[in-house]
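Engineer: Starting off with a structure, shown below.
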Amino acid sequence: MSEAAIIFEKVRAPMLGGDRHLEMDLRITPGACVVCIGPSRAGKSLLVELAAGLVVPEAGRVFVLGQDWKEVPDDDPRSVRLKVGVVLQQPGLLSNMTLFNNVLLPLRYHRGAMPDRQREQAVMGHMEQLGLASLRDRFPAELNQGEARRGAIARALILEPDVLLLDDPVAGLDADMVLGLKTYLDERRARRPLTILAALRAWSPLVKAADRVVVLREGHVDADGTRDAVRDMVSPALRRYVE
């Protein structure tokens, strides 16, 4: 299974709020940036949660970096989990830690031998790129939605993962911040391969930057291809997500 970074193999998983299911076969090549779009309750968040191993499908299998999530132990210190960065709709910053310490946390747990000075430089490098350096000593309650989300993205990338999973990463960001996030991700991908799967709820420059766009509707793939190809495949109601 190593020829693809993420594989959904005959996956079926129940969606919230009814008796509908997300059903799909999907393969994402290493280093690709794939954006998933579609209307509300299409299954976009569930797609990210399945890819992150947070939800177990009732049928089928999800592979990430060649490993089936069902076979990955939670307590393995060399787990594939360390190679996957995840940011869900709720950023999940720890309320009793400053933004700096939230971003630093994965390094403390998993890079204990790294010198303190080097860890600080790594954290501040990510925070500066995302326009967060001046907020390093603020607590999550003192951040707005966009600031907290950018902090969560910095934390997700601090261990230099091979896969980044994002659920609505541009929520709460103004136009300049979205462009800044795009630049940050582009620079990260230029340094070393990074596979990105991002769920979006509206059009953004990230759609334009994607190698591939997957359109979900009612738990099924409605279209899959380049942005230009998808624009010609979908209905006028869905076309606004890619134009």
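Engineer: Please give the direction-averaged projected area of the C-alpha convex hull for the stretch 135-243, in square nanometres with one decimal.
Structural biologist: Working: hull surface 31.7 nm².
Reported value for the Cα convex hull: 7.9 nm².
Engineer: Also: Need the full-extension length gain, Asp176 to Glu160, defined as separation in residues times 0.36 nm minus the C-alpha distance. One decimal, nm. Don't skip to the answer; put the middle values down first.
Structural biologist: On the way: separation 16, 0.36 × 16 = 5.76 nm, distance 2.46 nm.
Answer, rounded to one decimal: 3.3 nm.
Engineer: Related question: At a Cα cut-off below 16 Å, give the lysines reachable from Lys208, other chains included and same-chain residues fewer than 8 away excluded.
Structural biologist: Answer for Lys208, where 16 Å is the Cα cut-off: Lys182, listed by chain and number.
Engineer: Give me the distance in nm between label points sitting 7 Å out from Cα along the Cα-to-Cβ direction at Thr183 and Asp116, one decimal.
Structural biologist: Taking the simple label geometry, Thr183 and Asp116 are separated by 3.3 nm.
Engineer: Based on the alpha carbon coordinates of the stretch 1-120, what radius of gyration and maximum Cα-Cα distance (Dmax) apply, in Å?
Structural biologist: 16.7, 52
Engineer: Considering Cα pairs under 8 angstrom that are at least six residues apart, work out the relative contact order of the stretch 127-230 and quote it in whole percent. Write out the running numbers ahead of the final one.
Structural biologist: Working: 100 pairs, mean separation 22.9, N = 104.
Computed over the stretch 127-230, the figure is 22 percent.
Engineer: Shifting gears a bit: Using R₀ = 35 Å, calculate the FRET efficiency as 1/(1 + (r/R₀)^6) where r is the Cβ-Cβ separation of Arg191 and Asp68; round to 0.05.
Structural biologist: Details: r = 29 Å, r/R0 = 0.83.
Here the calculated transfer efficiency is 0.75.
Engineer: Using helices alone, I'd like the mean residue ellipticity at 222 nm for the chain: each DSSP H run of four-plus residues gives -39500 (n - 2.57), total over residue count, nearest 500. Don't skip to the end; give the middle numbers.
Structural biologist: Numbers: 8 runs with 80 residues, N = 243.
Per the formula, -9500 deg cm²/dmol.
Engineer: So, in nm, how far is label Leu105 from label Glu3 when the simple model puts each one 7 Å beyond its Cα toward the Cβ?
Structural biologist: 3.9 nm
Engineer: With a Förster radius of 30 Å, plug the Cβ-Cβ distance of Asp228 and Ser79 into 1/(1 + (r/R0)^6) and report the FRET value to the nearest 0.05.
Structural biologist: Values: r = 38 Å, r/R0 = 1.28.
So the FRET efficiency works out to roughly 0.20.
Engineer: Can you return the aspartates and glutamates within cross-link range of Lys44? Criterion is Cα-Cα under 18 Å, with same-chain partners fewer than 8 residues away left out.
Structural biologist: Output for Lys44: Glu9, Asp19, Glu23, Asp25, Glu58, Asp167, Asp168, Asp211, Glu218, Asp222, Asp224.
Engineer: With a 10 Å Cβ neighbour count serving as the proxy for reagent exposure, in which order, fewest first, do His220, His110, His126 appear?
Structural biologist: Working: His220 15, His110 12, His126 21.
Result, fewest neighbours first: His110, His220, His126.
Engineer: Further question: For the stretch 22-93, restrict the atom set to alpha-carbon positions and state the Rg and Dmax in Å.
Structural biologist: Both quantities, over Cα of the stretch 22-93: 12.9, 38 Å.
Engineer: HN-Hα J couplings of the stretch 122-129 from phi, Karplus 6.51/-1.76/1.60, θ = phi - 60°, integer Hz, Gly and Pro as x?
Structural biologist: In residue order, the calculated couplings are 5, 5, 5, x, 5, 5, 5, 4 Hz.
Engineer: Can you list the residues, at least 5 places off or on another chain, whose amide H is less than 5 Å from the amide H of Ala223, using H built in the peptide plane?
Structural biologist: It is Val215, by chain and number.
Engineer: Which length gain, in nm to one decimal place, applies between Arg20 and Glu243 when the Cα-Cα distance is subtracted from 0.36 nm times their residue separation? All intermediate terms of the calculation are to be shown ahead of the outcome.
Structural biologist: Numbers: separation 223, 0.36 × 223 = 80.28 nm, distance 2.83 nm.
My answer for the length gained is 77.4 nm.
Engineer: Which of the lysines could a cross-linker bridge to Lys83, judged by Cα under 20 Å and excluding same-chain residues fewer than eight apart?
Structural biologist: Output for Lys83: Lys70.
Read-outs: derived from the displayed coordinates by stated rules, not from any lab. The structure displayed is predicted, hence computed values, not measured ones. Heads up, the Cβs are rebuilt from the backbone with ideal geometry, glycines too, and the neighbour counts pull from every protein chain shown.
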